[in-house]
């Protein structure tokens, strides 16, 4: 697809009657990683992405979130400002570094700096574990010790924060397949789902089995636009319907599935079991939460007076944290929401100015 086609797509999408979707931002959000899963064995997780299975309602975790073996397995309201990672009521100082982007594992927080260096902070020490991550994109699961990125040498890296060691380093090719247009040709990490890591290459999104140290193209660029998120074997991806114009998001375990369809927005984030889908758009007053199996809108009621409400982390499959900007203010509040209760409450007020607060999503938040 040529740049001229991109312009055509942009014009068509902006003319859609649903909402004024910023195409460039939506395409860029294909690089957001998000990164959701309940831990499974590597063999089962790898097989799940190729199988067609019905979406089943998963049992919800306990009030304490997912169990784990590390010091940071519990997911709490988390964000970063400057050189401090705020984890619940705990402040983790990573000075003299400033957090550019970060992600959580059971053992601590992996963060990048603006220069591209990658560090692990465990509450006691700050250790450099990589360099050359120029775009600051990280991918980690909702539980477990793996974190993934692609460095500037075009090598995909998966690091185990429990063992303090790399488990994978392999070359990836970002050169697009003939006849396929991409927004840029830089490879990046898409998701970690149990013992499978996913990264975007020129051929498509590769599923890499960390147990067998082998991979294959899961979603080819010639067939689909891009993958937004993967959780518990469920794939959220933009569906083109063969019309060269992405209009919807499909969530299914089958990479070739064309249903069920959900609205296309800037942000797409699956809950840990893939049972819920969070959608968001910076031009909408708030985001939406869907029950994937039933396709029902189950968005909790928000406190009045907020805009730009996006999910920033899942505590478990029912509860999540969202950033919210009060009308007329550049400060950010964090909301704690429950889908089953149908409500959200303020968990932290005025944590920082928009653009100065980062969230454990593995990417720089520009909003």
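Suppose we filter the stretch 253-288 for residues that are assigned to a strand (DSSP E or B) and either surrounded by 22 or more Cβ atoms within 10 Å (Cβ to Cβ) or under 14 Å from the mean Cα position of the chain (by Cα) (or both); how many remain?
So the first thing to find is which residues in the stretch 253-288 are assigned to a strand (DSSP E or B), and the list is 261-263, 267-270, 276-280, 288.
This time we only want the ones that are either surrounded by 22 or more Cβ atoms within 10 Å (Cβ to Cβ) or under 14 Å from the mean Cα position of the chain (by Cα) (or both), so: 267-270, 276-280.
Looking only at that region, the number is 9.
Within the stretch 326-338, work out how many residues are in contact with a strand residue (DSSP E or B) (Cβ under 7 Å, 6 or more places away or on another chain), surrounded by 14 or more Cβ atoms within 10 Å (Cβ to Cβ) and assigned to a loop (DSSP other than H, G, I, E, B).
Number satisfying all stated conditions: 1.
If only one of 341, 347 is assigned to a loop (DSSP other than H, G, I, E, B), at negative phi and at pLDDT 95 or above, which one is it?
On the way: 347 fails: assigned to a loop (DSSP other than H, G, I, E, B).
Matching residue, one of 341, 347: 341.
Given the conditions (1) over 26 Å from residue 105 (Cα atoms); (2) touching a strand residue (DSSP E or B) at 6+ places or on another chain (Cβ under 8 Å); (3) touching a residue at least 40 places away in the same chain (Cβ under 8 Å); (4) not in a strand (DSSP E or B), which single one is not true for residue 317?
Only one criterion is unmet by residue 317, namely (1).
Just checking, does the stretch 296-311 include any residue being in a loop (DSSP other than H, G, I, E, B), free of Cβ contacts under 8 Å to residues at least 24 places away in the same chain, within 22 Å of the chain's Cα centre (by Cα) and over 23 Å from residue 264 (Cβ atoms)?
No, the stretch 296-311 contains no residue that is in a loop (DSSP other than H, G, I, E, B), free of Cβ contacts under 8 Å to residues at least 24 places away in the same chain, within 22 Å of the chain's Cα centre (by Cα) and over 23 Å from residue 264 (Cβ atoms).
Is there a residue being crowded, with 17+ Cβ neighbours inside 10 Å and farther than 21 Å from residue 347 by Cα anywhere in the stretch 82-92? It would help to see each step written out before you state the result.
Restricting attention to the stretch 82-92, the residues satisfying the condition of being crowded, with 17+ Cβ neighbours inside 10 Å are 85-87, 92.
Imposing the further condition that a residue be farther than 21 Å from residue 347 by Cα reduces the set to none.
The answer is no; no qualifying residue exists.
What do you reckon, is residue 143 assigned to a strand (DSSP E or B), under 23 Å from residue 193 (Cα atoms) and either out of contact with any strand residue (DSSP E or B) (no Cβ under 7 Å at 6 or more places or on another chain) or modelled with pLDDT of 90 or more (or both)? Full working, then the answer.
Details: assigned to a strand (DSSP E or B): no; under 23 Å from residue 193 (Cα atoms): yes; either out of contact with any strand residue (DSSP E or B) (no Cβ under 7 Å at 6 or more places or on another chain) or modelled with pLDDT of 90 or more (or both): yes.
No.
Would you call residue 323 assigned to a strand (DSSP E or B), surrounded by fewer than 20 Cβ atoms within 10 Å (Cβ to Cβ) and either in contact with a strand residue (DSSP E or B) (Cβ under 7 Å, 6 or more places away or on another chain) or modelled with pLDDT of 95 or more (or both)?
Answer is no for this residue.
Would you pick out the residues in the stretch 106-135 that are outside any strand (DSSP E or B) and either crowded, with 21+ Cβ neighbours inside 10 Å or in contact with a helix residue (DSSP H, G or I) (Cβ under 7 Å, 6 or more places away or on another chain) (or both)?
Going residue by residue through the stretch 106-135, those that are outside any strand (DSSP E or B) are 106-107, 113-117, 122-125, 131-135.
Scanning the stretch 106-135 gives 106, 107, 133.
So which of 158, 99 is modelled with pLDDT of 95 or more, over 26 Å from residue 346 (Cβ atoms), surrounded by 18 or more Cβ atoms within 10 Å (Cβ to Cβ) and touching a strand residue (DSSP E or B) at 6+ places or on another chain (Cβ under 8 Å)?
Numbers: 99 fails: over 26 Å from residue 346 (Cβ atoms).
Going through 158, 99 in turn, the sole match is 158.
The values are calculated or read from the model by the stated rules, or taken from the named source; none is laboratory data. Note that this is a predicted model, so its numbers are computed, not measured. Note that we place each Cβ from the backbone using ideal geometry, even for glycine, and neighbour counts take in every protein chain shown.
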